[in-house]
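Notes for the one structure printed next.
What follows is calculated from the coordinates using simple rules that are stated; it is not laboratory data. Please read these numbers as outputs of a predicted model, since none were measured by experiment. Neighbour counts run over all protein chains shown; Cβ positions are idealised from the backbone, glycine included.
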Ligand SMILES: [Zn+2]
Ligand SMILES: [Zn+2]
């Protein structure tokens with residue numbers, strides 16, 4: 001009681017949402033409101049990366065045993081990784097990511113597409 005654990009929450013650097021601490025057994029590595037993440041890990045959960053770039057959700061991909069996964073890509077260094085969707089992730093944010101991956105949409109400058 002009264003002792004703070006290492007399971008602290010974080011503030012989303014993309015949308016500013018205050019993300020509550022993770023639950024036991026769950027690694028929360030992205031914002032449930034906008035699904036953005038931060039490049040803090042070399043391997044999941046190790047917090048060893050010095051990049052700290054914004055990890056942008058690119059697409060949602062099904063995984064046979066793990067359920068749906070978010071494909072993230074670091075805006076700063078290009079590092080890409082998949083993260084499991086969490087049960088409390090915002091459904092609308094998920095839909096936005098799917099829409100963007102399917103229809104293109106207004107992406108960032110790095111992916112200029114000419115038709
Ligand atoms: Zn957010
Ligand atoms: Zn990075």
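Here are some notes:
- For peptides 80-90, 45-55, sequence by mean Cβ density within 10 Å, most packed first: 80-90, 45-55
- Gain on full extension, evaluated as 0.36 nm per residue between residue 91 and residue 63 minus their Cα-Cα distance, stands at 8.3 nm.
- Global geometry of segment 10-101, whether rounded, prolate or oblate, following the gyration tensor of its Cα atoms and the 1.5 cut on a/c: rounded
- In a fully extended conformation the segment linking residue 18 and residue 46 would gain 7.9 nm over its present Cα-Cα distance, using 0.36 nm per residue.
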